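K.L.:
Below you'll find the structure I mean.
Values in this text are rule-based calculations from the coordinates and carry no lab data. Quantities reported herein were computed from a predicted structural model and do not represent experimental measurements. So basically every Cβ, Gly included, is an ideal-geometry build from the backbone, and we count neighbours across all protein chains shown.
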Amino acid sequence: MNTKVSASILSADFGRLEYELRRSEEAGCDMIHFDVMDGHFVPNLSYGVPVLKSIRKYCRLPFDVHLMITDPLMYIEPFADAGANHITFHEEISGGKDAVISKIHSLGLTAGLSVRPKTPIERVFPYLDRLSMVLVMTVEPGFGGQGFIPETLEKISALRAEITRRGLSVDVEVDGGIGFNTSPKVRAAGANVLVSGSYLFKSEDMKAAVDALKRDF
Ligand code: DX5
Ligand code: ZN
């Protein structure tokens, strides 16, 4: 399966985001992963609509927005207007998931649903027909630079098996602790979109780092 890399700019140098975006594009990243945190769904804050709007013009890659927020519905339109191409939100929110997916689709974007490491993967199965991507968190969401949780591998395999069984073409994205050492494991389990933050942005040669993530094994 063709592996894609989504560069998580949570680990970028915010003082020179234009350079970091250019570096990601030139290194062969396929998309930019934009983590939004509200200090409620996760115990951290990051950035939001004005930042996305401002950096959109410096990058031609698609923006893969990951909403770690309690109430995504009211923010879908502002993120779409700001230039998001894909929006993923979390299964664990209390509100209706179908309404959020419909809102994303109504604005011409693709939708994704994400699960925390302890959430059973079966919870996303009822929505698979309407999703272009499922994001399996491989760390607890909220912070970059954490260690990969190996127990998530089984969820990746179960998700890929269900997608295959139903003949769907849904991307399986993983996020958290992804580097050259964990890439072969998640890809073998069935992931085809790898989010990577600290590994990519701390590398001196980002192209070599991206190549390592995509290398055949
Ligand atoms: C964590 C975020 C991730 C984070 C990954 O809540 O969703 O996208 O940036 O960072 P690394 O690759 O450093 O684990
Ligand atoms: Zn993320």
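K.L.:
P(r) tail for segment 91-157, what percent of Cα pairs lie past 21 Å?
P.N.:
Details: 632 of 2211 pairs.
Tail fraction, whole percent: 29.
K.L.:
Using only the C-alpha atoms of segment 19-94, find the volume of their convex hull and express it per residue in Å³. Before the final figure, lay out the partial values.
P.N.:
Values: hull volume 7.0 nm³, N = 76.
Taking only Cα atoms, segment 19-94 has a hull volume of 92 Å³ per residue.
K.L.:
Also, I was wondering about something else. Return the long-range amide H neighbours of LYS4 (sequence gap of 5 or more, or a different chain), with a cut-off of under 5 Å between placed amide H atoms.
P.N.:
Sorted by chain and number, the residues that satisfy this are VAL193, LEU194.
K.L.:
Here's a follow-up. Taking θ = phi - 60°, what integer Hz values does the Karplus form 6.51 cos²θ - 1.76 cosθ + 1.60 yield along segment 82-92, in sequence order, with x for Gly and Pro?
P.N.:
6, x, 5, 9, 9, 10, 10, 10, 9, 5, 7
K.L.:
Report, to two decimal places, the Cα Rg of segment 13-56 normalised by 2.2 N^0.38 Å (N = number of residues). If you can, show how the numbers build up before the last one.
P.N.:
Numbers: Rg = 12.1 Å, N = 44, 2.2 N^0.38 = 9.3 Å.
Here the Cα radius of gyration is 1.30 times the empirical estimate.
K.L.:
As an exercise, use a Förster radius of 35 Å and the Cβ-Cβ distance of SER102 and GLU26 to find the FRET efficiency, rounded to the nearest 0.05.
P.N.:
Once rounded, the FRET efficiency stands at 0.45.
K.L.:
Would you mind ranking MET37, MET137, MET1 by Cβ crowding within 10 Å, fewest neighbours first?
P.N.:
MET1, MET37, MET137
K.L.:
Still on this model: To one decimal place, what orientation-averaged projected area in nm² is obtained for the convex hull of the Cα set of segment 123-177? Please list the in-between numbers first.
P.N.:
Details: hull surface 15.5 nm².
Hull-based average projected area comes out at 3.9 nm².
K.L.:
Given charges of +1 on the Cβ of Lys and Arg and -1 on the Cβ of Asp and Glu, with all other atoms neutral, how large is the dipole of segment 4-214 about its Cα centre, in debye to the nearest 20?
P.N.:
340
K.L.:
Here is a further query. Which of the peptides 111-117, 71-77 is most tightly packed, and how do the rest follow, judged by the mean count of other Cβ atoms within 10 Å per residue?
P.N.:
Taking the mean over residues of other Cβ atoms within 10 Å, the ranking is 111-117, 71-77.
K.L.:
For SER114, which sequence-distant residues (separation of 5 or more, or a different chain) have an amide H within less than 5 Å of its own amide H, given hydrogens modelled in the peptide plane?
P.N.:
PHE89, HIS90, GLU91, LEU135
K.L.:
If you look at just the Cα atoms of the chain, how large are its Rg and its Dmax in Å?
P.N.:
Over the chain's Cα set, Rg and Dmax evaluate to 15.8, 46 Å.
K.L.:
Then there is this: Under 5 Å between amide H atoms, partner at least 5 residues away or on a different chain: which partners does THR138 have, H built in plane at 1.01 Å?
P.N.:
The list, which skips near neighbours in sequence, is ASP175, GLY176.
K.L.:
Using the Karplus curve 6.51 cos²θ - 1.76 cosθ + 1.60 with θ = phi - 60°, what ³J(HN,Hα) values do you get for each residue of segment 99-114, in whole Hz, with x for Gly and Pro?
P.N.:
5, 5, 4, 4, 5, 4, 5, 5, 9, x, 9, 8, 10, x, 10, 10
K.L.:
Going 7 Å from the Cα of ALA208 in the Cα-to-Cβ direction, what parts of segment 1-42 have a backbone nitrogen less than 11 Å from that spot?
P.N.:
none
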